[in-house]
Amino acid sequence: MVSTDNSILSNVLPELEKVQCGFLRDTLNKSFCENKDLLNRIEGSFRAAVDGADNEDCMKYFFKSWSMTNHSCMRVSAISNRLSLQKHKNQDIHNEEKFFQSIASLNRIADADLGVGGGELHHDMFYRMATPICGNDEWQLGKYCTNDARLFKTWADHNALKEDDMLVGLATTLIHEIYTHGEVEHIEPLFKEWLINSKGYSEEESKKTVFWITAHCYPTEVKHFRHGLQAVEYYCDAVNINIESFDIMGVFNKYLEMKCNVMDSLTAIYQNQN
């Protein structure tokens, strides 16, 4: 099993120390540390998932609902599109160079998921991971999505697509990227070990199956997080606003709370069906 040295928090904090903007560094650090209980519950849900993985219905719930908290490329692209639309509508922009740098930074987050440069669509990687573990691809059906997973996706999509304040979507992207770094680093050895020891996979088969997770491990999400930081900072400079006047802590805390709600809903399913 994963040691405590590989917790979500222990993977996140070293990267936060490298953040140059003191306000963002301190706010992110405070949000993660004050929500340590939520992170522990999330980790417990991942352990419960593999402990009860002989139940294929449980795994279908897991992959469908967990997927709703991932696959953020659409949201990142939506924010980028909305920003460029402001320029096409000739809205007032304080610093156009910084404005376009913000858009470019967002686009670099989406590159990997879209396979830009010859890579594979990450959506296809996820399918290749979930389907053999679940026995078939019924995990994609809506009936395997918990209500909390739907609420998470609705909230995150709204922040990117409809929220008037663009900083809400940018802040959601920022917390998602650094949280995901901590998550994938935590679960990669857990899932590899489970497939080998409990499912009889060879080491090579295990590596191939969980490649979606591995593809998001260091340095992928760390790079995305840094691009997210740039997008926030460039945007604030471009529209001449002070990031410290925005309740960014509220967005960070809400993200971690809703993510935990999704994983708690899955834990309840595992407990009821095993």
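The values are calculated or read from the model by the stated rules, or taken from the named source; none is laboratory data. In this text the structure is predicted, and so the values were computed from the model without any measurement. Here the Cβ is made from the backbone with ideal geometry for all residues, glycine too, and neighbour counts use every protein chain on show. Just the protein is used for accessible areas: all its heavy atoms, side chains included, with ligands, DNA and RNA removed. Shrake-Rupley method; radii C 1.70, N 1.55, O 1.52, S 1.80 Å.
Which residue out of 197, 136 is in contact with a helix residue (DSSP H, G or I) (Cβ under 9 Å, 6 or more places away or on another chain) and either of a type outside the set (D, E, K, R) or open to solvent by less than 50 Å² (accessible area, probe 1.4 Å) (or both)?
Only one candidate qualifies: 136.
Please work out which residue is surrounded by the fewest Cβ atoms within 10 Å (Cβ to Cβ), limiting yourself to segment 26-35 and to residues that are of a type outside the set (Phe, Trp, Tyr) and touching a helix residue (DSSP H, G or I) at 6+ places or on another chain (Cβ under 6 Å). Show your work before the answer.
The first filter runs over segment 26-35 and keeps only residues of a type outside the set (Phe, Trp, Tyr), leaving 26-31, 33-35.
Restricting the remaining residues to those that are touching a helix residue (DSSP H, G or I) at 6+ places or on another chain (Cβ under 6 Å) gives 27-29, 31, 35.
On the way: 27: 23, 28: 26, 29: 15, 31: 21, 35: 20.
Only one residue tops the list, namely 29.
Given the options 28, 38, name the one that is touching a Lys or Arg at 6+ places or on another chain (Cβ under 8 Å), of a type in the set (A, V, I, L, M) and within 18 Å of residue 186 (Cβ to Cβ). Talk me through it step by step, then tell me what you get.
Details: 28 fails: touching a Lys or Arg at 6+ places or on another chain (Cβ under 8 Å).
Sole residue among the options that is touching a Lys or Arg at 6+ places or on another chain (Cβ under 8 Å), of a type in the set (A, V, I, L, M) and within 18 Å of residue 186 (Cβ to Cβ): 38.
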State which residue is most open to solvent (accessible area, probe 1.4 Å) when the search covers only segment 233-273 and only residues that are charged (D, E, K, R) and assigned to a helix (DSSP H, G or I). 244
Would you mind stating whether residue 204 is open to solvent by less than 50 Å² (accessible area, probe 1.4 Å), acidic (Asp, Glu) and either without any contact (Cβ under 8 Å) to a residue 40 or more places away in the chain or touching a strand residue (DSSP E or B) at 6+ places or on another chain (Cβ under 9 Å) (or both)? no
Tell me yes or no: at least one residue of segment 90-97 is surrounded by 17 or more Cβ atoms within 10 Å (Cβ to Cβ) and in contact (Cβ under 8 Å) with a residue 60 or more places away in the chain. no
Where a residue in segment 244-258 is under 15 Å from residue 166 (Cα atoms) and its partner, wherever it lies, is acidic (Asp, Glu) and modelled with pLDDT of 95 or more, with Cβ under 8 Å and at least six apart: 246/165
So for segment 170-183 (the condition being open to solvent by 20 Å² or more (accessible area, probe 1.4 Å) and at pLDDT 95 or above), does at least one residue qualify? no
If I filter segment 47-62 down to residues being surrounded by fewer than 21 Cβ atoms within 10 Å (Cβ to Cβ) and of a type outside the set (A, V, I, L, M), which single residue comes out as farthest from residue 265 (Cα to Cα)? 54
Can you name the residue in segment 36-46 that is in contact with a Leu (Cβ under 7 Å, 6 or more places away or on another chain) and of a type outside the set (A, V, I, L, M, F, W, C) and, of all such residues, is surrounded by the fewest Cβ atoms within 10 Å (Cβ to Cβ)? 36
